[in-house]
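**Student:** Quick one: structure below, then a few questions.
Bear in mind these aren't lab numbers, they're just calculated from the coordinates by the rules spelled out. Only a predicted model underlies this, so the values are computations on that prediction, with no experimental measurement involved. All Cβ positions, even for glycine, are placed from backbone atoms using ideal geometry, and neighbour counts span all protein chains on display.
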Ligand code: SF4
């Protein structure tokens, strides 16, 4: 890596990444790629395969990345949509996005041996939902309908929770007791859009309260801040990530909002000529579920296209790790390294 940009605040750090000379250039954003919740979830599958041997069933994609899922499938993991596809008594892993209590109950009924890879930051939101529902609050959950995480969180207190995805949904809300209302959010939303929605909620329900600390996770926030800081310095952004990865899609949106075209790619094979047309400086990042080897392959690919200069722009240091589920923690030494 030719250089890392380190300074005290975001704007200074980004400025340090400015293009020098007219050579075609790549700005590689940092932090990027795997977050602590994704590392943990993949490790859980790896350890379970190593410890118990295949088949290990995984409900839903363990994380929203095609390459990660294919790699684990190759190692013996069987991905299913519903628990009914799993033989009674078999071992199943719940994905990083979490599940509703109904799914936990179903697993119990089918005598499945559950290993829970739910990200602790998703569990935090579930626990908030349970607590506020018990206290008689109406919960306004900000998130994307049909996302696995939202389905799980909604399931914690379905009678007390309403889902909103934008300010129009907020305007349509009818709340039983506007004096006792709380908002929670999906962990992988756009910071700016969520702020707009929360502001609208505050206008409509001045007594509304929120979580003690924001539900949008550190990894989502840091990757968006990096994109915002570097967008003025490039003519295009390539985001490594899968189409169903919420946090990756938000990175594209954040960049487009800053007026710079951005593209979401599963890997370097999806780079198209028009993405780089008239682009002297291209920025590269990766969603929280995208492995680093795909980023490196993209860099190699771009270098064959003349982007020979490479500079890393570190916007924020990130050093978060989560412990494994307690039933697997003692088996950590058996963990085979995952390609990251
Ligand atoms: S993106 Fe955030 S909430 Fe999702 S797995 Fe990573 S750390 Fe957890």
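**Student:** Note down, for region 37-141, the three equivalent ellipsoid semi-axes (square root of 5 times each alpha carbon gyration tensor eigenvalue), biggest first, whole angstrom. Each step should come with its number before you reach the end.
**Tutor:** Details: eigenvalues 139, 53, 23 Å².
With the √(5λ) rule applied to region 37-141, the semi-axes are 26, 16, 11 Å.
**Student:** Relative contact order of region 73-117, please, whole-number percent, based on alpha carbon pairs below 8 angstrom and at least 6 residues apart.
**Tutor:** Contact order relative to length: 45 percent.
**Student:** Tell me, what is the percent relative contact order of the chain, built from C-alpha pairs under 8 Å that lie six or more residues apart? Please list the in-between numbers first.
**Tutor:** Values: 668 pairs, mean separation 97.8, N = 340.
Taking the mean separation of contacting Cα pairs over the length of the chain, I get 29 percent.
**Student:** Under a point spin-label approximation (7 Å from Cα along Cα-to-Cβ), what is the residue 52-residue 297 distance to one decimal in nm?
**Tutor:** Once both label points are built, they end up 3.0 nm from each other.
**Student:** I want to verify the translational diffusion coefficient of the chain in µm²/s; compute it with Stokes-Einstein, Rh as the Kirkwood radius over Cα pairs, at 37 °C and 0.692 mPa s. Walk me through the numbers before you get to the answer.
**Tutor:** On the way: Rh = 21.2 Å.
For these conditions, the coefficient is 155 µm²/s.
**Student:** Over region 192-340, what is the relative contact order in whole percent, taking alpha-carbon pairs under 8 Å and six or more residues apart?
**Tutor:** RCO, region 192-340: 23 percent.
**Student:** Which whole number of Å³ per residue matches the convex hull of the alpha-carbon atoms in region 162-213?
**Tutor:** Output value, Cα hull per residue: 77 Å³.
**Student:** Compute the length gained on full extension between residue 304 and residue 179: take 0.36 nm times their separation in residues and subtract their Cα-Cα distance, giving the result in nm to one decimal.
**Tutor:** The residue 304-residue 179 span can extend by a further 39.0 nm.
**Student:** Residue 269 to residue 172: extension gain in nm, 0.36 nm per residue of separation minus the Cα-Cα distance? Write out the running numbers ahead of the final one.
**Tutor:** Working: separation 97, 0.36 × 97 = 34.92 nm, distance 4.33 nm.
Full-extension gain reported as 30.6 nm.
**Student:** Between residue 316 and residue 134, how high is the FRET efficiency from 1/(1 + (r/R0)^6) when r is the Cβ-Cβ distance and R₀ = 35 Å? Nearest 0.05.
**Tutor:** Between residue 316 and residue 134 the formula returns 0.45.
**Student:** Take 79, 205 and order them by how many other Cβ atoms sit within 10 Å, fewest up front.
**Tutor:** Starting with the residue having the fewest Cβ neighbours, the order is 79, 205.
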